[in-house]
Amino acid sequence: MKAKNCLIFGGSGQIGKHLIRKLTKNNYKVTVVTRNIHQKSYAIKTQGNAGFIDIVEAKMHESDKIIKLFKNVDVCINLIGILYEKDKSNSFNNIHSTIPSLLAKLSKQNNLKHFIHISALAINSAEDSLYAKSKLDGEVNIIKNFPLATILRPSIVYSVDDNFTTNFMTLLNRLPIFPLYYEGKTKFTPIHCSDLTDVIYKIISENIYSKIIECVGPEVMTFKEILEKLLKLIDKKRILIPLPLSMANLSAKLFEKLPNPLLTTDQLRLLKYDNIISGKYKTNSDIGVPSLKTFDVEVKKYAFMWRDGGQFSTEKYIGEEKIKNDKI
Ligand SMILES: NC(=O)c1ccc[n+]([C@@H]2O[C@H](COP(=O)([O-])OP(=O)(O)OC[C@H]3O[C@@H](n4cnc5c(N)ncnc54)[C@H](OP(=O)(O)O)[C@@H]3O)[C@@H](O)[C@H]2O)c1
């Protein structure tokens, strides 16, 4: 069987790196597009064996360069995404709607077998979030331009390369008290990054065409439960205090002025909505790729870096038994 050529946009990020490893290990050739080859090529090149990865530097407005990339490609995967708006060209609308729409159109014009796009879970309900609205608009545009596209809607994706567990463990390490937004009651279904890339691999290798697939991990956890688990894993005690919405809004307004904001007002609005399956769409389990990796076991593998003593911590490896007994 001829291996497929995969064109990946946004491949230098967390999901991209895991996906490159999965695809190249299985003899797929990948071309990864990045805006900054000098900064990102090391992280991309080291994910697979020589000969399986091509890296191209291109910005999305360089249409001649982008169009040429679609020749001799079987599958296009779009992983480009942002958590907060930076400027006009990095607006939610541009990144989550205009760019995916263009990539879907080019995939159709070049008769690609597949266009796979990563959207986000629970965007239907989060009506007042600009992030969610832009992800929804993107989905509509993609289906219009490439009706057989497959759109994945993952809950929070975690791994040692994430900006979620790692950032929270850093903050929990440093701050004596930690705010709980919406009393910490919002529910999440975190999925391990390699479980998500297994889903993408299955779609590509078995030619699955299914408009929307919700991708979730095996556990439903509240925001407070996630923080409690992380505290246990880094062996710290911290006070978690519910923050009134007015104060949460004020802090988000201040934070969003920072170059890499910890929280924006739009993220605060998004945090109000449970991040769980809707029941209206197929899930990763329905297509035969249930996520089996559990949060405690996976985060434990790298949480020691935030424990006292770091890699020299005698508690580097907390025994499976201790985790079970303590019910982290
Ligand atoms: N991580 C999660 O928890 C999660 C949950 C739900 C949905 N998602 C979605 O999954 C996708 C991938 O997530 P991720 O966590 O892997 O993201 P990530 O680590 O932040 O990587 C995002 C990628 O987007 C590219 N990018 C950002 N701005 C761009 C721009 N203006 N033009 C071109 N490329 C740009 C970057 O590529 P270069 O810098 O190399 O150009 C980067 O590799 C995103 O669409 C995200 O919204 C993620």
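Considered as a group, the residues in the range 85-101 that are in contact (Cβ under 8 Å) with a residue 24 or more places away in the chain and near the ligand (Cβ under 8 Å from one of its atoms) include one that is surrounded by the most Cβ atoms within 10 Å (Cβ to Cβ), and that residue is H96. Any chance you could count how many residues in the range 58-70 are surrounded by 12 or more Cβ atoms within 10 Å (Cβ to Cβ) and touching a residue at least 24 places away in the same chain (Cβ under 8 Å)? The total comes to 7. Going through (1) away from the ligand (no atom under 13 Å from the Cβ); (2) crowded, with 20+ Cβ neighbours inside 10 Å; (3) in a loop (DSSP other than H, G, I, E, B) one by one, Q47 falls short only on (1). Considering (1) buried (at least 17 other Cβ atoms within 10 Å of the Cβ); (2) at pLDDT below 95; (3) more than 20 Å from the chain's Cα centre (by Cα), the lone condition that Y209 does not fulfil carries the number (1).
Do you know which of the residues in the range 22-44 that are surrounded by fewer than 17 Cβ atoms within 10 Å (Cβ to Cβ) and either more than 9 Å from the ligand (Cβ to nearest atom) or among the basic types (K, R) (or both) is nearest to I118 (Cα to Cα)? This residue is R35. Scanning the range 269-314 for residues that are more than 20 Å from the chain's Cα centre (by Cα) and polar (S, T, N, Q) returns Q311, S313, T314. Applying the condition of being of a type in the set (D, E) and surrounded by 14 or more Cβ atoms within 10 Å (Cβ to Cβ) to the range 296-318 and asking which residue is modelled with the lowest pLDDT yields E315.
Checking the conditions here, which among A132, A126 is buried (at least 17 other Cβ atoms within 10 Å of the Cβ) and part of a loop (DSSP other than H, G, I, E, B)? I'd like the intermediate steps shown before the answer.
Details: A132 fails: part of a loop (DSSP other than H, G, I, E, B).
Only one candidate passes the filter, namely A126.
When residues in the range 166-224 are screened for being among the aromatic types (F, W, Y) and at positive phi, 1 of them pass.
Does any residue of the range 165-180 turn out to be in contact with a strand residue (DSSP E or B) (Cβ under 8 Å, 6 or more places away or on another chain), of a type outside the set (V, I, T), farther than 18 Å from D266 by Cα and part of a helix (DSSP H, G or I)? Reasoning before the result, please.
Keep residues of the range 165-180 that are in contact with a strand residue (DSSP E or B) (Cβ under 8 Å, 6 or more places away or on another chain), which gives 165, 171-172, 176-180.
Remaining after also requiring of a type outside the set (V, I, T): 171-172, 176, 178-180.
Applying the additional criterion that residues be farther than 18 Å from D266 by Cα yields 171-172, 176, 178.
Filter once more, keeping what is part of a helix (DSSP H, G or I): 171-172.
Yes, the range 165-180 contains a residue that is in contact with a strand residue (DSSP E or B) (Cβ under 8 Å, 6 or more places away or on another chain), of a type outside the set (V, I, T), farther than 18 Å from D266 by Cα and part of a helix (DSSP H, G or I).
Just one residue in the set L19, L79 is near the ligand (Cβ under 9 Å from one of its atoms), of a type in the set (A, V, I, L, M) and closer than 30 Å to A252 by Cα; that residue is L79.
Restricting the first member to the range 222-249 and to residues that are assigned to a strand (DSSP E or B), and the second to residues that are among the aliphatic types (A, V, I, L, M), the beta-carbon pairs closer than 9 Å and six or more apart or on different chains are I239/I177; L240/I177; L240/L180; L240/L227; L240/L231; I241/I177; I241/L180; P242/L180.
Among residues of the range 7-27 being in contact with an Asp or Glu (Cβ under 9 Å, 6 or more places away or on another chain) and not in a helix (DSSP H, G or I), the one that is farthest from I77 (Cα to Cα) is G13.
The values are calculated or read from the model by the stated rules, or taken from the named source; none is laboratory data. Model, not experiment: these values are computed from the prediction. All Cβ positions, even for glycine, are placed from backbone atoms using ideal geometry, and neighbour counts span all protein chains on display.
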